[in-house]
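**Student:** Before I ask anything, here is the structure I am working with.
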Amino acid sequence: MLNEAITVINFLKKRPMLFLALASALSVLLIYYSFFTAIIFSALCIILMFVLNYKKQSGVLILCVCLLLLTMLSAARTMNRIDRCEKLDGMTVSGEFLAVTVSENKAQEYLCEVEVLECEYLKRGDRLQAFYTGPKIEMGQSFRGMAKVSKITNEISVKSFYSEGIYLFADVSNIVLTDNSDFVLSAVNGIRTYIKNEIFKYFDKSEAATMLALLTGDRTYLSDSFYSNIKSAGVMHVMVVSGMHLSIIVSFMLLVVNKFMYNRYLKGVIIFLTVLAVAAVCGFTISIQRAGITYILLALALFIGRQARPENSLGAAVSAVILFNPLSIFSVAFQLSVLSTFGILAVALPITEFLSKKEIIKHKAVLSLVSAVLITLSALLLTLPVTISVFGYISNMSLVTNLLISYVVTLALHLCIFGFLLFPLRSIIFYLAALVVKYINAVINYFGSVQFAVTDLPKWAAYLSAVIIFLILLGLLACAKRDNVLKLKSVINKKITEGGAKLKWPFLKKKR
């Protein structure tokens with residue numbers, strides 16, 4: 001057991017930002033339930049950081065300690081903000097508000113998120129889930145009105161709203177539009193509206209709804225039956241714009257740039273602008289924030305000419321999201337995004353690299369297929385605890401469905417981007433994209449509607465899956481450690497055979 005602990009510590013020692021992400025998430029979790037326990041835990045984390053690097057106190061270590069402390073302060077501030085907002089439960093306040101999301105039509109009223117610009121009891125920047133009747137308010141528009149606020153009491157949804165920075169509900173009346181509209185939000189809303197109108201112009205209704213969800217994450221137009229099939233088929237992540245979609249779009253833009261000019265600074269700028277544009281169009285959801293920060297770190301690495309470990313980049317992105325929005329750890333989309341990405345980095349890629357280097361699978365097409373299966377399996381495996389605990393079931397069709405549509409989704413997104421860029425050929429390109437989306441819908445509907453598509457599981461299965469995942473990761477770490485030792489022995493033996501410098505190792509001592 002001691003050897004396993006040492007292996008884990010050595011793994012985290014080389015990935016300080018990943019350790020910071022874990023420490024930050026646990027600190028926030030403890031602050032949410034017990035502030036005193038969080039103080040003790042954070043102190044232990046800081047001590048452990050110094051112990052791991054007691055010989056050389058690097059700048060990265062100091063940065064990690066500072067960020068952990070800042071995360072704790074941010075979490076404490078967030079909890080105080082929640083307490084302040086919940087004390088207003090049942091009050092009616094007047095003020096000026098800004099619509100920060102698109103209004104959804106819910107029966108006889110509209111629903112949207114609003115941000116406080118000026119209010120007698122609420123502070124500027126506080127967010128409310130607003131319900132209102134009357135004329136539809138567009139995203140980016142500001143208005144004055146009377147808001148009867150109430151705290152969120154549903155235990156199931158409270159953490160979901162908290163993760164989005166929403167701490168109160170509000171029934172808004174006496175709405176009067178003002179001139180303090182937000183130019184950026186209004187521009188983003190205009191772009192989203194243009195994209196939606198063009199897609200519904202060239203696609204049939206069902207294909208248009210799927211294409212819009214793939215491109216912007218807007219699932220408003222998906223039918224209830226199709227949405228149910230999406231969940232049963234285990235491809236919900238496809239309809240939530242996240243790292244997969246961002247990687248497809250960023251890779252496409254870099255491919256275009258590389259065709260005309262290769263310059264690492266230009267690539268960095270393209271990545272940054274692409275991430276910003278996609279995140280804005282998709283509404284800055286938490287999953288896109290995590291993926292966006294990861295790619296921004298990649299852009300910074302290109303600027304300074306340095307390659308970072310993928311796990312470190314993931315840890316830095318997670319730490320940044322938690323720092324600015326501590327309760328994002330309660331977002332199911334964020335959890336699934338992080339765990340699936342870590343699964344690909346920690347499980348799929350090392351195994352694929354091993355198979356390639358050892359030439360166990362020599363045929364490139366077979367290796368590509370095995371890699372796709374490993375990526376899908378690792379993402380599904382690492383997300384099992386969250387999937388089981390939140391939804392209470394797992395999809396039996398997920399592996400097959402993902403393999404059948406993963407590359408096709410990439411093709412659909414590429415065609416759609418081409419369609420918007422090449423206006424004269426838009427009708428032809430969108431026609432091809434519609435055929436691709438029709439295939440995606442057919443696969444989802446078929447595999448999502450079969451009788452044995454899902455298996456219901458009890459809550460304890462989530463804990464069991466977490467234990468299994470931990471053991472698998474330990475096994476992979478042990479294999480990596482053994483492989484490194486064998487490589488080291490091979491290098492040493494080679495040097496000795498060739499008359500190189502004498503190296504003193506216990507296993508190389510001569511017998512007397």
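The values are calculated or read from the model by the stated rules, or taken from the named source; none is laboratory data. Everything numeric in this text was worked out from a predicted model, so none of it was measured. Methodologically, a virtual Cβ is constructed for each residue, glycine included, from the backbone with ideal geometry; neighbour enumeration extends over all protein chains shown. We work out accessible area using only protein heavy atoms, side chains counted, and drop any ligands, DNA or RNA first. Shrake-Rupley method; radii C 1.70, N 1.55, O 1.52, S 1.80 Å.
**Student:** Give me a comma-separated list of calculated 3J(HN,Hα) values for region 93-98, in order, Karplus coefficients 6.51, -1.76, 1.60 applied at θ = phi - 60°, integers in Hz, x for any Gly or Pro.
**Tutor:** My calculation for region 93-98 gives 10, 10, x, 10, 10, 10 Hz in order.
**Student:** Calculate I(q)/I(0) for region 62-119 by the Debye formula, one identical point scatterer on each C-alpha and no solvent, and give its log10 at q = 0.17 Å⁻¹ to two decimals.
**Tutor:** -0.83
**Student:** Taking only the C-alpha atoms, wrap a convex hull around region 91-217 and report its volume per residue in Å³ as a whole number.
**Tutor:** 130
**Student:** With a Cα-only, solvent-free Debye model of region 348-437, what are the log10 I(q)/I(0) values at q = 0.14, 0.20, 0.25 Å⁻¹?
**Tutor:** -0.73, -0.94, -1.10
**Student:** Please give, to one decimal in nm, the separation of the simple spin-label points placed at L422 and M91, each 7 Å out from Cα toward the Cβ.
**Tutor:** In this crude spin-label approximation the distance works out to 5.9 nm.
**Student:** For the pairs K148/K196; K14/K364; K106/K159; K123/K159; K13/K159, note any where the Cα-Cα span goes beyond 24 Å.
**Tutor:** Working: K148/K196 33 Å; K14/K364 32 Å; K106/K159 22 Å; K123/K159 21 Å; K13/K159 32 Å.
In this structure, K148/K196; K14/K364; K13/K159 exceed 24 Å between Cα atoms.
**Student:** Okay, moving on. If C479, C45 are ordered by their accessible area, calculated over protein heavy atoms with a 1.4 Å probe, which sequence runs from highest to lowest? Let's see the in-between values first.
**Tutor:** Details: C479 90, C45 10 Å².
Result of the area sort, largest leading: C479, C45.
**Student:** For Y393, what is the net charge nearby, where nearby means another residue's Cβ is under 15 Å from its Cβ and Lys, Arg count +1, Asp, Glu -1? The partial results should precede the final answer.
**Tutor:** On the way: positive: K231, K459; negative: D456.
Summing Lys/Arg as +1 and Asp/Glu as -1 gives +1.
**Student:** Right, here's the next one. If I ignore ligands, DNA and RNA and count only protein heavy atoms, how much of F161 is accessible to a 1.4 Å probe, in Å² to the nearest 10?
**Tutor:** Probe radius 1.4 Å; accessible area of F161 about 40 Å².
**Student:** Mind listing the phi-derived Karplus ³J(HN,Hα) values for region 20-33, rounded to whole Hz, using 6.51, -1.76 and 1.60 with θ = phi - 60°, and x for any glycine or proline?
**Tutor:** Couplings: 4, 4, 5, 5, 5, 4, 5, 4, 5, 4, 6, 5, 5, 9 Hz.
**Student:** Also: Determine the gain in length on full extension of the stretch Y446-V158; use 0.36 nm per residue of separation and subtract their C-alpha separation, reporting nm with one decimal. Kindly include the intermediate steps, with their values, before the conclusion.
**Tutor:** Details: separation 288, 0.36 × 288 = 103.68 nm, distance 3.46 nm.
My answer for the length gained is 100.2 nm.
**Student:** Rank these residues by their accessible area, most exposed first, probe 1.4 Å: M146, M17. The partial results should precede the final answer.
**Tutor:** Numbers: M146 70, M17 30 Å².
Per-residue accessible area, sorted high to low, gives M146, M17.
**Student:** In the neighborhood of M211, defined by Cβ-to-Cβ distances under 14 Å, what is the net charge if each Lys or Arg adds +1 and each Asp or Glu adds -1?
**Tutor:** Numbers: positive: R192, K196, K201, K205, R219, R426, K438; negative: E198, D204, E207, D218.
Net of charged neighbours comes to +3.
**Student:** Count charges around M139 for me, please; just the other residues with Cβ under 15 Å from its Cβ, Lys/Arg as +1, Asp/Glu as -1.
**Tutor:** On the way: positive: R127, K136, R192, K196; negative: E104, E113, E115, E138, D182, D218.
Net local charge, M139 excluded: -2.
**Student:** From zero outward in steps of 10 Å, how is the percent of C-alpha pairs of region 386-443 spread across the bins?
**Tutor:** The calculated distribution, bin by bin, is 22, 35, 24, 14, 4.
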